Amino acid sequence: MKLNRKSIVILVLMLVSLFLSSIQVNGIQESVKITIQTTEEDTNILHNVTVEMVTDLPSYREDKIPSILPDGAFIAQFNVTNLSNIDLNSLELNITTNEYGFIMNPTTSATSYLAKNESWLSEGYIIDLISSSTVVSKPLDLVIILDQSGSMGDEISVLTDDLVGVINQISDDVTDLQTGLILFGGSSSNPYDDDSLVTPLTKDITTIVDVLSRTDAGGGHEPWGDALWVAQNRLNWRDNAVKLIVLITDEPCDGGSVIGYGGSDDYDGELLYELFASLKSQGFILCTVAASGSDSLTQKQLEIAAETTAGTYIILGGEGPQTSDLPDIIGELVVKYAVELDLKIDVSLSHLNHEDTREYREITFVVLIDDLPPEIDTWEYFSEDFFNDDKIVNVLFEIKDVTGVPFVEVYYKFSNVSFWTTTNATQINNDTYLLSLVFTEREEYLSYQVYTEDWLGNDVLSEIYTIDLSSAEENSRLYVGKKKELVLVPYQQITLKLIGAEDEGLIGLQENSSAIVFSETNVGFDILAADIDESTIIVDQDNCTIASFNVEPEHTVKVSFVSSDFVEIHVVNVLKETLEFKQEINRNLGVEDVFLYELDNRINETRERSIVADSQVVQTSILVFNAETWELLVKGSSEVVLPNITCYVLVFATYHTGEIFITFTYDDLYDPWGHYYTGIASAYWPFFAALLGIASIIILRKKQKK
């Protein structure tokens, strides 16, 4: 049987129809289930008018926001400048304040005419603050939206262990708190389709913790856009409460049933950002936490989400807060938004437009009410003077205060003296101060105490801290197969001793180990390295972002680092191993462990090869270097495609530890864990099945005709 032209056209149309339907079945194209209104372009001429608040209050902040102690009063005026292309008639300015202040005099200023490019200064308003003792917290509804995919085990664990304690601690400040929980990711990934992932708002925090204790991290697909939609539309929010959402994840938003049309890949489309705007319009405050190991897309999405809704954006890891701080972070956010002491001044500006109707614009100004002393966080590290071997203990102080502090005073004494010494810590940046002290073996420990006050006079004296100086030597050593992550403070020297292979059980005892130093960003650092056993300088390099050199067996190489800026660097001391094509191995990867492989990937074929270092729970970092020049060529996670050269591949854990699978093969022969990779091949299976079915029908009919 021959198919005529008409039959061929019908067959093609059937195939196209079936292909489109197969895509719909798998969620790649789905009917829109949500409508989010977007605002029309604003033509209000007052948006071309600037309003500046002028007060007699001091400000020590970069953003110039003024601050004041409770129970005070101040005078505020508003300078209005007409930057529009028309003159303004019958201009009126009206102000109101929130519950933390009241206006002593009439609240309206007016001028009959304001020409373009001209300015007008309103009347002076006397604003009095209420007594701080009368401030009470607002009712607050808190919903935690938590990623439960394979890489989030540590976050789930610390919340299970510590969340109850933190909520109990803040109960005196926030007396009316309800908490809910929405999970996403994992084997059951989408709360839009699975009500078991949603815990309604409750006053019993143990209910939330009980759910967390039964939650196991695993799997992938993170449709947190759908989780936000569920929080907005399906929970029992109270009308009189602050509506606070805390979203915690380390992955970009994946497509879901509502946001992203169900696609399995990362979704960064309009629906997500329209959802942020919708949350803002309904009074939600969205605070976002980028967990350790999050990529740039995740951080971009979470930062925009917080900015859109006037929330707070936080990154865990590096030199900032850590995963272990997560319960305290949630507690601080609750207090911040339930017991917010900031005075808000709402300005309503209006004029008569060309249609003789009054057109309005609303602007809000903030005055910080600060009656709290600064908060002090400290951490220590050891270093050495490169040339004279002096041992140095370094103490970093991070001072948190809304108005800032003019000084940080430190009282300290070593164990072999009976008196305290007073000095000022050196300011590194706006919030960070440094104290560096030389010590000898006679001093077993250092005790210190910190005193500071903010610009308004609120002061604090810390507890007495003690540092064990006997651990300095071991903390400055780096053995083969290990790495250290260091934060370089501007112009502060850090020195490490890299120890060459010396244990008999190590593979390749007679080989040199490779030392690799690289920064997380493009910020450069100076490095000086010397072989102590041979008294020779190995490396002397300025403003580099990567450096490498050999460490001979049983030798000690002393390395010094310094930078003119804050920069996180990785220091590695490792033996090279050879990884053959199609070789498969399992290795246990600890938090300080690092592996270096040499791969010959010089191929004459079209298929690409990749290096895989993957696990269900361990997030790895993979760096590929040119074996001849040590130029960093590729940086990725879990699996990266290799360049067509002989290269070195460095593997270490970004976060979490455990056993990983390592192989060097074609990139299409391995199916990595779904948490890090998503595939869409299954979406086309109905199409191919339909195609086979049609082919079978044609063949059967052809046989019947015969």
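The values are calculated or read from the model by the stated rules, or taken from the named source; none is laboratory data. Here the structure is a predicted model, which is why all the values come from computation and not from measurement. Cβ placement follows ideal geometry from the backbone for every residue including glycine, while neighbour counts extend to all protein chains displayed.
Brief remarks on what is shown
- Count of residues meeting criterion [closer than 30 Å to residue 217 by Cα, part of a strand (DSSP E or B), polar (S, T, N, Q) and free of Cβ contacts under 8 Å to residues at least 60 places away in the same chain] in region 589-628: 2
- Screening residue 143 with (1) hydrophobic (A, V, I, L, M, F, W, C); (2) at pLDDT below 90; (3) closer than 30 Å to residue 201 by Cα gives one miss only, at (2).
- A count restricted to region 267-290 and to residues that are assigned to a helix (DSSP H, G or I) and either small (Gly, Ala, Ser) or in contact with a strand residue (DSSP E or B) (Cβ under 9 Å, 6 or more places away or on another chain) (or both) stands at 6.
- Subset of region 138-161 (residues that are hydroxyl-bearing (Ser, Thr, Tyr), under 27 Å from residue 236 (Cβ atoms) and buried (at least 24 other Cβ atoms within 10 Å of the Cβ)): 149
- Some residue of region 96-106 being assigned by TED's automatic domain parsing to the domain that holds residue 347, surrounded by fewer than 19 Cβ atoms within 10 Å (Cβ to Cβ), part of a loop (DSSP other than H, G, I, E, B) and on the phi > 0 side of the Ramachandran plot: no
- Test: residue 383 is closer than 30 Å to residue 469 by Cα, among the polar types (S, T, N, Q) and in contact with a helix residue (DSSP H, G or I) (Cβ under 6 Å, 6 or more places away or on another chain): no
- Test: residue in region 111-123 that is in a strand (DSSP E or B), modelled with pLDDT under 90 and surrounded by fewer than 16 Cβ atoms within 10 Å (Cβ to Cβ): no
- Residue within region 250-260 that is of a type in the set (Ser, Thr, Tyr) and farther than 23 Å from residue 331 by Cα present: yes
- Per-region count, region 377-424, residues at pLDDT 95 or above, in contact with a Leu (Cβ under 8 Å, 6 or more places away or on another chain) and either in a loop (DSSP other than H, G, I, E, B) or of a type in the set (A, V, I, L, M) (or both): 1
- Residue 297 satisfies every condition listed in (1) under 24 Å from residue 617 (Cα atoms); (2) more than 23 Å from the chain's Cα centre (by Cα); (3) surrounded by fewer than 19 Cβ atoms within 10 Å (Cβ to Cβ) except (2).
- Test: residue in region 169-183 that is over 22 Å from residue 138 (Cβ atoms) and in contact with a strand residue (DSSP E or B) (Cβ under 9 Å, 6 or more places away or on another chain): yes
- Exactly one residue out of 469, 437, 478 is closer than 22 Å to residue 387 by Cα, at pLDDT 90 or above, in contact with an Asp or Glu (Cβ under 6 Å, 6 or more places away or on another chain) and buried (at least 17 other Cβ atoms within 10 Å of the Cβ): that is 469.
- The set of residues in region 176-187 that are surrounded by fewer than 19 Cβ atoms within 10 Å (Cβ to Cβ) and modelled with pLDDT of 85 or more contains only 176.
- Scanning region 548-588 for residues that are in a strand (DSSP E or B), more than 25 Å from the chain's Cα centre (by Cα), over 24 Å from residue 657 (Cα atoms) and in contact (Cβ under 8 Å) with a residue 40 or more places away in the chain yields a total of 9.
- Matching residues in region 522-547 - criterion: being without any contact (Cβ under 8 Å) to a residue 12 or more places away in the chain and not small (Gly, Ala, Ser): 536, 537
- Pairing residues of region 206-227 that are among the polar types (S, T, N, Q) with residues that are surrounded by 24 or more Cβ atoms within 10 Å (Cβ to Cβ), at Cβ distances under 6 Å and at least 6 apart in sequence or on separate chains, gives 215/148.
- Test: residue in region 672-685 that is at pLDDT below 85, over 30 Å from the mean Cα position of the chain (by Cα) and of a type outside the set (Gly, Ala, Ser): yes
- Residue within region 247-266 that is assigned to a strand (DSSP E or B), surrounded by fewer than 20 Cβ atoms within 10 Å (Cβ to Cβ) and at negative phi present: yes
- The residue list 627, 613, 653 contains one member that is among the small types (Gly, Ala, Ser) and over 30 Å from the mean Cα position of the chain (by Cα), which is 627.
- Only listed residue being in contact with a Phe, Trp or Tyr (Cβ under 8 Å, 6 or more places away or on another chain) and either at pLDDT 90 or above or in the same structural domain as residue 657 (by TED's automatic domain parsing) (or both), chosen from 552, 584, 592: 584
- Residue in region 260-281 that is at pLDDT 90 or above, farther than 21 Å from residue 621 by Cβ and under 11 Å from the mean Cα position of the chain (by Cα) present: no
- Of residues in region 331-351 being touching a Lys or Arg at 6+ places or on another chain (Cβ under 6 Å) and part of a strand (DSSP E or B), the one nearest to residue 172 (Cα to Cα): 349
- Any hit, region 394-406, residues being among the hydroxyl-bearing types (Ser, Thr, Tyr) and closer than 23 Å to residue 495 by Cα: no
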